[in-house]
Amino acid sequence: YGQRAAAAEIRAAQALCRYYDVRHAVVNLPWLGALGGNALTNSKQELPRFGSLASDLDHVGRTAESAAAVWVPNRNGVLIEVAGAYAEREGASFVVVGFNREEAASFPDNSEEYLNRVSHALALITRHHARVRCFTVEWDKRQIVAHLKAGLSRPFPFEQVWSCYEGCEKPCGTCESCRRFARARA
């Protein structure tokens, strides 16, 4: 959708799909990014930066400022609707998302309430009555990482994850997403 990190995110998704032996597809939605008004899709807008203090991530004012800067209108709604179309084509019963409690504090479209509502809507607009499932909606990112480390039959390839809002060679380490990923892995 025109986000700064598109190429890095695609590479990471391809690597994870190869690791888990699942099919990968890229769907281009340039019009979503063209709506503008956010630092994710406009490289001229400054991304909020977070220092090394973990307490910055729990400061409501700082995270609200960051959320406003990277808000893409109806992004999760659009992505779920597109995934629903693929689910119908494949005869799949579920679209799986990775919402979490930590991001729901800043983004209402990551909340359990949104999950329930969008799942109901998706069931109404797909022939197979596909639903949206999320196994992490009640967890923060530290809990997600702990479950990945403890509960899989083989090690999770954290080095394949791209968490950065930037699309550079390496993650910036200072955007909110990088800082949250680093804190979760610590």
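Annotation note: trypsin sites (Lys or Arg not before Pro) in region 1-103 located in DSSP loop regions with a Cβ neighbour count of at most 10 within 10 Å are Arg23, Lys44. Derived scalar couplings between HN and Hα for region 76-89 equal 5, x, 5, 5, 5, 5, 5, 4, x, 5, 5, 4, 5, 4 Hz in order, rounded to whole Hz, by the Karplus curve 6.51 cos²θ - 1.76 cosθ + 1.60 (θ = phi - 60°), x for Gly and Pro. Note on the chain: with neighbouring protein chains present and a 1.4 Å probe, carbon and sulfur make up 55 percent of its accessible heavy-atom surface.
Of the listed residues Tyr165, Tyr86, the order by accessible area with a 1.4 Å probe, largest first, is Tyr86, Tyr165.
Using a/c under 1.5 as the rounded threshold, could you call region 25-122 rounded, prolate or oblate? The axes a ≥ b ≥ c are square roots of the C-alpha gyration tensor eigenvalues, and prolate needs a/b larger than b/c, oblate otherwise.
Taking the square roots of the gyration eigenvalues as a ≥ b ≥ c, region 25-122 is oblate.
When restricted to Cα atoms, the chain yields an Rg and a Dmax of 16.6, 49 Å, respectively. Residues Trp31, Trp139, Trp162, sorted by accessible area with the largest first, give Trp31, Trp139, Trp162 [1.4 Å probe; ligands and nucleic acids excluded]. A cut-off of 5 Å between modelled amide H atoms, ignoring neighbours fewer than 5 places along the same chain, links Ala39 with Val70, Trp71. The GluC sites (Glu not before Pro) of region 16-112 meeting both criteria, a DSSP state outside H, G, I, E and B (loop) and at most 15 other C-beta atoms within 10 angstrom of the site's C-beta, are Glu46.
I'd like to check one number: the per residue accessible area of the chain, probe 1.4 Å, reported in Å² as a whole number. Mind dumping the intermediate values first?
Working: 10750 Å² over 186 residues.
Using a 1.4 Å probe on heavy atoms only, each residue of the chain averages 58 Å².
Across region 137-147, computed HN-Hα scalar couplings (Karplus, 6.51 cos²θ - 1.76 cosθ + 1.60, θ = phi - 60°) run 4, 8, 9, 8, 5, 5, 5, 4, 4, 4, 5 Hz from first to last residue, x flagging Gly and Pro. Taking each DSSP H run with n ≥ 4 as -39500 (n - 2.57) and averaging over every residue of the chain yields -14000 deg cm²/dmol at 222 nm.
Could you work out the relative contact order of region 48-186? I mean the mean sequence separation of Cα pairs under 8 Å and 6+ apart, divided by the number of residues, in percent.
Taking the mean separation of contacting Cα pairs over the length of region 48-186, I get 26 percent.
Backbone geometry of region 58-71 corresponds, through the Karplus equation with coefficients 6.51, -1.76 and 1.60 at θ = phi - 60°, to 3J(HN,Hα) couplings of 9, 7, 4, x, 5, 6, 5, 5, 5, 4, 5, 5, 10, 5 Hz, x marking Gly and Pro. For the chain, the longest principal axis of the alpha carbon atoms and the long axis of helix 112-125 meet at an angle near 30°. Residue order by solvent-accessible surface for Ser163, Ser52 is Ser52, Ser163, largest first, with ligands and nucleic acids left out and a 1.4 Å probe. Using amide H atoms built in the peptide plane, which far-off residues or other-chain residues are under 5 Å from Val96 H to H? Under 5 Å from the amide H of Val96 lie the amide H atoms of Arg133, each far enough along the sequence or on another chain. Around the Cα centre of the chain, unit charges on the Cβ atoms of Lys, Arg, Asp and Glu (plus for the first two, minus for the last two) sum to a dipole of about 420 debye. For region 116-175, the set of trypsin sites (Lys or Arg not before Pro) satisfying both a DSSP loop assignment and a count of at most 16 other C-beta atoms within 10 Å is given as Arg127.
The values are calculated or read from the model by the stated rules, or taken from the named source; none is laboratory data. For clarity, every value in this text was computed on a predicted model and none was experimentally measured. Glycine gets a Cβ as well: all are built from the backbone with ideal geometry, and neighbour counts include every protein chain shown. Just the protein is used for accessible areas: all its heavy atoms, side chains included, with ligands, DNA and RNA removed. Shrake-Rupley method; radii C 1.70, N 1.55, O 1.52, S 1.80 Å.
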